[in-house]
Amino acid sequence: METRIRQAGLDDLDKVVPLFDNYRIFYGQDSDVEAARQFLLSRMAHGESVILLAWRGRQAVGFSQLYPSFSSTSMTRTFILNDLYVDARARRQGVASLLLEAAADYAARLGATGLSLSTAVDNLSAQALYEKHGWQRDRQFFNYELALVAEED
């Protein structure tokens, strides 16, 4: 069956939510469908992310989520490919490749100079997929994170 990729709109929220919830479970989070719905709704309603949805017939089988960003040094638009997930039943059928290509096409149409992503060190299949599509591991910069705790009132 043919796979189609298109940008998700608010009317697609019910199709994206279960995929997003499963994505979070894959990364060790507890299932929370209602919180997933609220998170995605807020991102989409405020134009804070772009979700590309993969379809097989009437079934949503995968998604990628892009967050807009900018490079100060090159003074250009970039995107962070923050999430990429394919339902287990649709894996190894080219869906992830199509989502990667659609993300690159979308960013290029908006004049972005690049995409960036992070993946788990032990996610070797994802690393192989990215490298197959021309992504290069950053050897120039180390990434650091700082966890913040929200202050209570």
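Restricting the search to the range 57-89, which residues are among the hydroxyl-bearing types (Ser, Thr, Tyr) and under 18 Å from the mean Cα position of the chain (by Cα)? Let's see the steps before the verdict.
Here is the first cut: in the range 57-89, the residues among the hydroxyl-bearing types (Ser, Thr, Tyr) are 64, 67, 69, 71-74, 76, 78, 85.
Selection gives Ser64, Tyr67, Ser69, Thr78, Tyr85.
List every residue pair whose Cβ atoms lie under 6 Å apart, where the two residues are 6 or more positions apart in sequence or sit on different chains, the first residue falls within the range 67-92 and is more than 17 Å from Leu40 (Cβ to Cβ) and at pLDDT below 95, and the second residue, located anywhere, is assigned to a strand (DSSP E or B) and of a type in the set (S, T, N, Q).
These pairs meet every condition: Ser71/Thr78.
Would you tally the residues in the range 105-150 being without any contact (Cβ under 8 Å) to a residue 24 or more places away in the chain, of a type in the set (Gly, Ala, Ser) and part of a helix (DSSP H, G or I)?
Total meeting the criteria: 3.
Confirm whether Phe63 is under 17 Å from Leu84 (Cβ atoms), touching a residue at least 12 places away in the same chain (Cβ under 8 Å) and surrounded by 18 or more Cβ atoms within 10 Å (Cβ to Cβ).
Working: under 17 Å from Leu84 (Cβ atoms): yes; touching a residue at least 12 places away in the same chain (Cβ under 8 Å): yes; surrounded by 18 or more Cβ atoms within 10 Å (Cβ to Cβ): yes.
For Phe63, the condition - under 17 Å from Leu84 (Cβ atoms), touching a residue at least 12 places away in the same chain (Cβ under 8 Å) and surrounded by 18 or more Cβ atoms within 10 Å (Cβ to Cβ) - is met.
For the range 125-153, give me the residue count where each residue is charged (D, E, K, R) and under 24 Å from Tyr85 (Cα atoms).
First pass over the range 125-153, keeping only residues charged (D, E, K, R): 131-132, 137-139, 145, 151-153.
Filter once more, keeping what is under 24 Å from Tyr85 (Cα atoms): 131-132, 137-138, 145.
Residues in the range 125-153 being charged (D, E, K, R) and under 24 Å from Tyr85 (Cα atoms): 5 in total.
The values are calculated or read from the model by the stated rules, or taken from the named source; none is laboratory data. Treat the numbers as computed from the prediction; the structure is a model and nothing was measured. Using ideal geometry, Cβ is built from the backbone for each residue, glycine included, and neighbour counts are taken over all protein chains shown.
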